[in-house]
Amino acid sequence: MASREHFGSRAAVIMAMAGSAIGLGNIWRFPFIAGQYGGAAFILVYIFFCLLVSLPILLCESVIGRRTHKNTVGAMKELAPGSGWKFLGLLTVIAPVILLSYYSVVGGWSVEYLYKAVTLQFRPEAASEVPGMFGSFVSSSGRPVLCLFVFLAITAGIVYLGVKKGIERFSKVSMPVLFVLVLVIAVYSMTLAGSNEGVQYLVRPDFSKLTPDALAAALGQSFFSLSLGAGTMLTYSSYVSKDEDLVASGAGTAVSDLLFAVLAGFAVMPAVFASGIAPTAGPGLVFETLPFIFAKMGSAAGFMSAAASVVFFLTILVAALTSSISMMEVGVAYLVEERHVSRHRATLGIFFFSFAAGILCSLSFGPLSGVKIAGNSIFDFLDKLCSNWLLTLGALFFCLFVGWKMDKSAVRDELTNGGSRTFNARVFPVIYFLVRYIAPAAILLVFLSGVIG
Ligand code: PFF
């Protein structure tokens, strides 16, 4: 087998990991829940949870990946030979492939909406038709499937090129671009008349809204946003060289993810409030409300609003792509290393599998809308299965593995590079305590609130 690839620098590691982390979750969920649950008060709690819970879990995945330089299954087999822990590896191969199948459906929608934006379909005279466009688009069968194909093909193309030539190169170009794009929309959005209310929605601290629900939402959002429990961070960390500082790259990833989420809030909410529409989360916000706003603004701002819609959907597409690439890489690394399949075949195999499953998810908005699994559409079922169960369980077991099963000295060794990172060595006892006690308790809380709620 060819020797394993490594990311070339710390910047490359952070860009790839932040690429996985920054995605649809930052754009269509964070701004809304931040506003709904108390603005700046929620953001403070969110930062607190990121530091005390999510970052330690990210470090658990990093420790396992970098220690072994293997895929999720290979890593568990090496660290706990002959034990049931290899099922954790398998769980975290299956979860991201399922996630990829339905995430790519939405990725496909962003392809279509970018096309619509470029071909000036969000014109002022058509503004009233814009919100309705979404319903008729997703419930049709041909076009969303074609867009799904295009999105998955781009994802597979990048993964196919490999870790350095594909993932690293794409992340290094796309991440800075993504930050510039979201900044451009944020500035545009905040200059619209009436946008101040939206800014207030995000920044006005309202501590009375910090209910238990708000806390669970903050935790759940920070797990999903940092791509925890799916084996993506483990797999990316397995491409990190031994002299890299895992704590520094983990912290860089968490800060970038947070910064992007806040910027996305300033890009989205001021525009929503400027147009007097009630804020929502999810597809409605991104594919109905915002294009409607861009179209309405068109009469006043012409070129600017057309450009804003192109920039906005390009942002969504690129953010979704950097995440979908990380999901596909988990399965590809497994097939290549454990099943001895060539990288090209492995990529094609996962591409076809997720395309087939993605078609079912896509059709569940139209012809297959009557098919229900446990009362949910196929898309919603897979989303709940992944977000509420598989990812949460994956995160919990990674945490338990590193905190309770792995040799403590091996964990310290990885996080301090054999003791040579003095700052990391000083904070290690804190990280280890968070990993053993605080993070598993917090995951259980999210798990229960997701399953019960
Ligand atoms: N972090 C991504 C987002 O916020 O959209 C979603 C995600 C990507 C979750 C990769 C899990 C994963 F493994």
As I understand it, the dipole of the chain uses +1 on the Cβ of Lys and Arg and -1 on the Cβ of Asp and Glu, about the Cα centre. Which of P176, A251, N196 lies farthest toward its positive end? A251
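Translational diffusion coefficient, Stokes-Einstein: compute it for the range 3-98 using the Kirkwood radius over C-alpha pairs as Rh, at 37 °C and 0.692 mPa s, and state it as an integer in µm² s⁻¹.
On the way: Rh = 15.9 Å.
It comes out at roughly 206 µm²/s.
For the range 152-238, what Kirkwood radius comes out of the mean inverse Cα-Cα distance, in Å? Could you put the intermediate results ahead of the total?
Working: mean 1/r = 0.0596 Å⁻¹.
For the range 152-238, the Kirkwood estimate is 16.8 Å.
Relative to 2.2 N^0.38 Å, what does the C-alpha radius of gyration of the range 69-157 come to as a ratio? Two decimals please. It would help to have the intermediate numbers written out before the result.
Working: Rg = 19.9 Å, N = 89, 2.2 N^0.38 = 12.1 Å.
The value comes to 1.65.
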Of every Cα-Cα pair in the range 306-453, the percentage lying beyond 18 Å is 74
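Can you give the FRET efficiency to the nearest 0.05 for L259 and F207, using r as the Cβ-Cβ distance and R₀ = 25 Å?
So, using R0 = 25 Å, E works out to roughly 0.60.
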R426 versus R4, label points 7 Å from Cα toward the beta carbon: distance in nm? 3.2
Neighbour-limited loop hits for trypsin sites (Lys or Arg not before Pro), the range 360-453 (at most 13 other Cβ within 10 Å; DSSP other than H, G, I, E, B): K372
Restricting the range 1-41 to trypsin sites (Lys or Arg not before Pro) in coil, as DSSP defines it, with at most 16 other Cβ within 10 Å: R4
Based on the alpha carbons, how large is the Rg to Rh ratio for the range 189-294 when Rh follows Kirkwood? 1.07
For q = 0.11, 0.20 Å⁻¹, Debye-computed log10 I/I(0) when each Cα of the range 239-365 counts as one equal scatterer: -0.63, -1.16
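Charges at C-beta only: +1 for Lys and Arg, -1 for Asp and Glu. How large is the resulting dipole of the range 141-213 about its Cα centre, in Debye rounded to 20?
On the way: 7 positive and 4 negative charges, 86 e Å.
Dipole size: approximately 420 debye.
Are there GluC sites (Glu not before Pro) in the range 76-151 that DSSP puts in a loop and that have at most 10 other Cβ atoms within 10 Å, and which ones?
Qualifying residues, ordered by number: none.
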Computed over the chain, the Cα gyration tensor eigenvalues, each multiplied by 5 and square-rooted, give semi-axes in Å (largest first) of 35, 25, 20
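Can you tell me the FRET efficiency between K405 and I47 if r is taken as the Cβ-Cβ distance and R0 is 30 Å, rounded to the nearest 0.05?
Details: r = 30 Å, r/R0 = 0.99.
Efficiency at R0 = 30 Å is approximately 0.50.
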For the pair F352 and F433, the simple spin-label estimate (label points 7 Å beyond Cα toward Cβ) gives in nm 5.4
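Since every read-out is calculated from the coordinates, none of them should be taken as a lab result. Since the structure is predicted, the reported quantities are computational estimates derived from the model, not experimental observations. Glycine gets a Cβ as well: all are built from the backbone with ideal geometry, and neighbour counts include every protein chain shown.
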